[in-house]
Amino acid sequence: MSAGAFDAVLLASFGGPEGQDDVIPFLRNVTRGRGVPDERLEEVAVHYRHFGGVSPINAQNRALKAALETELAARGIDLPVHWGNRNWNPYLADALRDAHAAGHDRLLAVVTSAYTSYSGVGQYRENFEDALADTGLGEVMTIDRLREFFDHPGFVAPFVEGLRAAVGAGADNTHVLFVTHSIPDAAAAASGPAYGAGGAYVAQHLAVADVIAAEAAPGVPYSLCYQSRSGDPRTPWLEPDVNDEIRRLARVGVERVIVVPIGFVSDHMEVLWDLDTEAAQTAADEGLGFARVATPGIHPAFVAGLVDLIVERVDATPAADRAHLTALGPWPDHAAVGAGAMAAAR
């Protein structure tokens, strides 16, 4: 298959440390410009040090890159995959240099963020612009990105499968907690004001939770909650926190919680620590049973779905024919960056 307007895929992600010596430099990258002292960073570093200073996210992205390459090749799609991170090696600028050296200057980015928010959309766009400027490739290279895939069947299917298995034969006194990353209330509202106080960010998560619950756990109570808030405690962030919600459920007679991390594409640090460690401990303290559904990772449906999204862009598939499972979708495409700001927007 001809790739048409694109000659390579760019897998873009957050990045993570791969050893104890990497932890503080990595956290400095994450908090750059915010004036966070190393003493405060050490409070967060304990999460990484608990796992030997290694975040699983880089290994997961290596696996995802390999899986995408395999799926693309199986379909006869000639698009090599380059990989770059926001906060750690391999950095986006390095990926762009490698792509250019290989003769690839029309990149289609697969961003490991399924939802609409500044960190998942706007910040990646800024990262692409900065990387193009840093490499001097802004006049010759363009970067498009896949639309947000929060309700694409390939992203949703692994959660449906996992929740169905976790519910099992019975769900008496069970509550399903759909969990995502908290963000400031103002950032949520700015993600799409037409969708209400929580913006597009909250609306997308609620819509996906409804789809997964109806398919995998009909009749089982469920709710959306949040994790991993940070920053100034005076700043309002999305609530309730997953730990507070577990405590509340215990008080009203719930005996078991099933956590579904719909905000994440892989089992990275915020899943392993915030859910598998902290939330699991909260449930144990409250005498509740606890199960956590896996993230999509390299589930075949997810990998195939990402390639479906790539084909959607290669073929310029009309919006009416694009796969989606909620009334909010399909989410629209984004404007490309680079190539002289698209020849000064022509």
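Just one of the listed residues (G305, G340, G329) is in contact with a helix residue (DSSP H, G or I) (Cβ under 9 Å, 6 or more places away or on another chain), modelled with pLDDT under 95 and not assigned by TED's automatic domain parsing to the domain that holds V242, and it is G329.
Note on region 1-24: residues that are surrounded by fewer than 13 Cβ atoms within 10 Å (Cβ to Cβ) and under 24 Å from F264 (Cβ atoms) total 1. Show the residue pairs meeting these rules: Cβ distance below 7 Å; 6+ apart or different chains; first residue within region 136-153 and more than 30 Å from A214 (Cα to Cα); second residue in a loop (DSSP other than H, G, I, E, B) and of a type outside the set (D, E). These pairs meet every condition: T142/A336; I143/A336; D144/A336; R145/H334.
This table checks each residue for (1) assigned to a helix (DSSP H, G or I); (2) in contact with a helix residue (DSSP H, G or I) (Cβ under 6 Å, 6 or more places away or on another chain); (3) in the same structural domain as T277 (by TED's automatic domain parsing); (4) modelled with pLDDT under 95.
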residue	(1), (2), (3), (4)
S2	no, no, no, yes
A63	yes, no, no, no
A66	yes, no, no, no
E69	yes, no, no, no
A73	yes, no, no, no
H82	no, yes, no, no
A93	yes, yes, no, no
D98	yes, no, no, no
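The condition of being surrounded by 22 or more Cβ atoms within 10 Å (Cβ to Cβ) and within 21 Å of the chain's Cα centre (by Cα) holds for H82.
Evaluate the following for R34: is it among the charged types (D, E, K, R) and at pLDDT 95 or above?
On the way: among the charged types (D, E, K, R): yes; at pLDDT 95 or above: no.
Judged against the criteria, R34 is not a match.
Take G162 and tell me if it is touching a residue at least 24 places away in the same chain (Cβ under 8 Å), under 30 Å from D98 (Cα atoms) and either part of a helix (DSSP H, G or I) or of a type in the set (G, A, S) (or both). When the stated conditions are applied, G162 does not pass them. Selection of region 68-87 for residues being farther than 14 Å from L11 by Cα, hydrophobic (A, V, I, L, M, F, W, C) and either touching a residue at least 40 places away in the same chain (Cβ under 8 Å) or touching a Phe, Trp or Tyr at 6+ places or on another chain (Cβ under 9 Å) (or both) yields only I77.
The values are calculated or read from the model by the stated rules, or taken from the named source; none is laboratory data. These figures come from a predicted structure and were not determined experimentally. Here Cβ is always computed from backbone atoms with ideal geometry, including for glycine, and neighbour counts include all displayed protein chains.
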